[in-house]
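Scroll down for the structure; my scribbles are underneath it.
The values are calculated or read from the model by the stated rules, or taken from the named source; none is laboratory data. What you are looking at is a predicted structure, and each value in this text was computed from that prediction instead of being measured. No Cβ is skipped: glycine too gets one built from the backbone with ideal geometry, and neighbour counts run over all protein chains shown.
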Amino acid sequence: MSDSPRTTDMTDSVDARGVDRAQIRRMLAWSPAERLQWLQEFMESVTEIRRLNEDRKVC
Amino acid sequence: MKTAKFAELLRALAAEEVDAILVGMLSGVLQGAPVTTGDVDIVHRRTPENVERLLRVLKRVNAIYRHDPRRLQPTASHLLGAGHQLLETDFGDLDCLGEIDGGRTFEDLEPHSLRLSLGGGLHVRVLGLRELVEVKRRAGRPKDLAALPVLQATIDEAKARK
């Protein structure tokens, strides 16, 4: 048995336009409140990453 | 950069019973689209009574016009008009839009909206995904067009679940 990690066949979840259908299905399984929480956490992560990099020079 | 506190803004609007429809990408997220946004966009009912309620909320969250160094506060006359009031608040950016999509008001959009529960007695009215797609298609800006495949796929997946 190979030690290599199992890879995922993206063709099952990503459609011809590049949209990740699996991600949509996961979102649809959540309540609106859970979807809002997902966005809140995402935006807080973005803010934190920006804060951690605010002293870095932009080329 | 201030992180938006979406739930707090929505709760503040609901607490004053402001008649408004969420019309931006936050509307898409609440309906299951895995998209992101940093602000809250609403189309509010432009009656004096509702504008008064909205103003109370805006005062409470310290709303001022963003991109304006004078730190002006919105007034009733601003909110009664058809224009777009782009504000920053204690809970992040809030856009109060008198009309969208070539002159469509709260009353025009309401039949295409739905009410969603966010738990704890909090309800919000959002523009339905199909209408959101059409509005963004007509807006035609690159950022709107870029979101269309995800929004359309969300409609398709939601339909398949029924």
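Couple of notes before you dig in:
- Scanning the range B:16-36 for residues that are part of a loop (DSSP other than H, G, I, E, B), under 18 Å from B:I100 (Cα atoms) and either within 11 Å of chain A (Cβ to nearest Cβ) or acidic (D, E) (or both) yields a single hit, B:D19.
- Looking only at the range B:93-119, and only at residues there that are closer than 25 Å to A:A33 by Cβ and of a type in the set (S, T, N, Q), the one that is surrounded by the fewest Cβ atoms within 10 Å (Cβ to Cβ): B:S117
- No other residue among B:R138, B:R161 is exposed (fewer than 14 other Cβ atoms within 10 Å of the Cβ), more than 21 Å from A:L36 (Cβ to Cβ) and more than 16 Å from the chain's Cα centre (by Cα) apart from B:R138.
- Of the criteria (1) at negative phi; (2) within 13 Å of another protein chain (Cβ to nearest Cβ); (3) over 17 Å from the mean Cα position of the chain (by Cα), which one B:H123 fails: (3)
- Yes/no for B:I42 being under 29 Å from B:D156 (Cβ atoms), surrounded by 18 or more Cβ atoms within 10 Å (Cβ to Cβ) and out of contact with any Gly (no Cβ under 9 Å at 6 or more places or on another chain): no
Yes/no matrix, rows are residues, columns are (1) in a helix (DSSP H, G or I); (2) at pLDDT 95 or above; (3) surrounded by 10 or more Cβ atoms within 10 Å (Cβ to Cβ); (4) more than 12 Å from the chain's Cα centre (by Cα):
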{"residue": "A:S4", "(1), (2), (3), (4)": "no, no, no, yes"}
{"residue": "A:A16", "(1), (2), (3), (4)": "no, no, no, yes"}
{"residue": "A:L36", "(1), (2), (3), (4)": "yes, yes, yes, yes"}
{"residue": "A:L39", "(1), (2), (3), (4)": "yes, yes, yes, no"}
{"residue": "A:R50", "(1), (2), (3), (4)": "yes, no, yes, yes"}
